[in-house]
Structures are given as C-alpha cells and as structure tokens.
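Notes follow once the structure below has been shown.
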Amino acid sequence: KVVYPTAVSSIAKRISLRSTATITAEIDNDKEKIANAKPFSQIPGPKGLPIIGTLWTLLKDNGYYQTRTHELFAKYSQEYGPIFKDKIVNMQLVVVTKPEDAATIFKAEGKFPSRGPLIPWVVHRELRKKSKGVLLGEGEEWRQSRSVMDKKLLKREQTDDNLNGEVADLQNSLYKWSFETITSVLYNKRLGALDEIPTPIAEKFYNNVCNALDISGRLMLMPPYYRYIKTKAWKDFCRSVDTLFDIGDELITEERNRLLSDNANILNEQQEDRHTEGLEFLPYVLSRGKLTNDEITGNIIELMAAGVDT
C-alpha cells in the first residue's frame, strides 16, 4: 500500500492530536486525583503507643515480626486497606501494597530519588569520613555513583551453585548463594562461600555482612543515640563494617594490580564508554576514573550488603 505525503501529513496530525489529547487527559486526571486526595491525617493504620508507636508489636513474642515484617504489613493491609501508615519510634511510614500505586510513586520520584536514610550505615560513614554510594548516597552524590555503576549492574549474569538435594538451613544457604552471586558480578570471580569448606576470605566477608545487617536492623528501630553513646551493639556493628571495608579495599587493590601487571592501558587514563564495554564490572569502574578508591569500595560494600539482604 502506498502512502502519499499528504496522507502521511494527515496521519501525523491525527497522531499528534491524539497524543496531545491523551497527555491532556492524563494531566487532568492527575489534577483530579490530587484535588480529591485525603490528608495524611486520614490515612488509616495502627495507633501504637506514645513515643514508641508500634515498636512493641515488632519486639513482642521474641521479636517474631521483627524478622517477618512482610507478614505484619500483609496483616495491616487486610485490616486497613491497600494504603496505610505506621509509626515506629522516629520512623513515619506510608505503605502502599498495590503494584500500580508503587509504579505511580516511582514515576514521581524525580531526578534524585530518595530511599530514605539507613541511619546506622549513614552515621558510620559520616564518623569514618567515608563516601556514600548508590544505596546510602543522596542527590548529586548518588547520581555520580549511579552514572558509573548502572550500565554494568543492569547486565544479566548467571552463577552456578552446588545447592543440590536437601539443605539443612535454607535461609543460610540462600544468603550464601546471593552473596556468591553478587560477588561474582562485582569481582568477576567466586569468593568461595558455597564451597564445602568456605575460603577464609569468603567466610569472613559473609559473616560480617550478615552480622552488620542483623545489628543495623535492630539499631534502625531506635533513635540514633549511638552517635554519642557507643553501646556494645554499635561497636559490633562498626567492627563488622570496618572489616568489610578492609576486605573490599584488599580485593580492589588486587584487581588494580592485576590490571597493571597485564600491561593494561585502561588505568593510565580515563576511558570512554566505547573502550570499556567489554570489561567486567570492577575493571570497568576502575577504568572510568570517575570514582576514588574510597567511593568504589563504599559502593561495592553497599551492593554486597543489598545483595545478601535481598
């Protein structure tokens, strides 16, 4: 079928008008939703107690819901509806449970999205004067890390495992599998967490990641008094995160030395994307020259912790 210029022009005008009409309708619909939106005070949710809010719900029964927050929120959703609020000490939460509502929030997050501060991790970075990365960073600091990391992190990877047959501890095995998967992506090698006898570096790294996540989960429920009062829990948390940084620095230095010993030119000057597309994650980040060693280590620690936590 032949489409003549006049017909093309007519079609283009109809498409343009239709697109404009669709956009206008969406804007009007959004304005109507905003106009009809209920105030924050009318969002339903558990009442809680003065000061501590619903903290006791998490702590009672030996902390049953502290490690099963998804079950608690599913219960709240049935009781209060698809959007509800909750207050845990100094944390004010608004929870959405419908995928379409989550999509609306993601679309409105703007140029610098914020996931909310993970206070213990942020305080540790500030006290140690270390950089924050894609997990802890905000604003331009976050964008700087994301611009370097995203191209390689969006690439699909596959890691084989030896979790065949029955496993005695499923949660621990899944933690180790996720740990080995993310380290394979970041370092382009397996650290050995899934070996029958784990390698010392894998065992040390893995144990400290899990310990830091466990302690920070408890610290998140409290005001950040640990910034001034160094409790045992805070000291243990800092010790674990410091260990992660030490091992991360060691692995990054090892990779940098390997690249130099291979007479690679990629570390001698900042490289453009087209020259580094075939590189694995860590050589790629090192070659870009946009992040300092401290920033690279900080990002890798955050990605490893997030990988295990997920």
Filtering the stretch 175-205 down to residues that are open to solvent by less than 20 Å² (accessible area, probe 1.4 Å), assigned to a helix (DSSP H, G or I), of a type outside the set (D, E, K, R) and without any contact (Cβ under 8 Å) to a residue 40 or more places away in the chain yields 202
What are the residues in the stretch 66-119 that are touching a strand residue (DSSP E or B) at 6+ places or on another chain (Cβ under 6 Å) and among the hydroxyl-bearing types (Ser, Thr, Tyr), if any? 76
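Give the residues of the stretch 46-71 that are in a helix (DSSP H, G or I) and surrounded by fewer than 17 Cβ atoms within 10 Å (Cβ to Cβ), sorted by residue number. Give the steps one after another, and end with the answer.
As a first pass, look at the stretch 46-71 and keep what is in a helix (DSSP H, G or I): 55-63, 69-71.
Correct list: 56, 59, 60, 61, 62, 63, 69, 70, 71.
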Answer from 310, 292 - the residue that is exposed (fewer than 12 other Cβ atoms within 10 Å of the Cβ), within 20 Å of the chain's Cα centre (by Cα) and at pLDDT 65 or above: 310
Going by the conditions given, is residue 78 modelled with pLDDT of 95 or more and more than 30 Å from residue 31 (Cβ to Cβ)? yes
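For the stretch 227-258, name all the residues that are in contact with a Ser or Thr (Cβ under 8 Å, 6 or more places away or on another chain) and open to solvent by less than 10 Å² (accessible area, probe 1.4 Å).
Pass one, the stretch 227-258, residues in contact with a Ser or Thr (Cβ under 8 Å, 6 or more places away or on another chain): 237, 245, 248-249, 252.
Result: 237, 245, 248, 252.
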Could you grab me the full set of residues in the stretch 72-102 that are out of contact with any helix residue (DSSP H, G or I) (no Cβ under 8 Å at 6 or more places or on another chain), open to solvent by less than 40 Å² (accessible area, probe 1.4 Å) and in a helix (DSSP H, G or I)? 76, 77, 102
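The values are calculated or read from the model by the stated rules, or taken from the named source; none is laboratory data. This is a predicted model, so every value here is computed, not measured. So basically every Cβ, Gly included, is an ideal-geometry build from the backbone, and we count neighbours across all protein chains shown. To get the accessible areas, we keep the full protein, side chains included, count just its heavy atoms, and leave off ligands, DNA and RNA. Shrake-Rupley method; radii C 1.70, N 1.55, O 1.52, S 1.80 Å.
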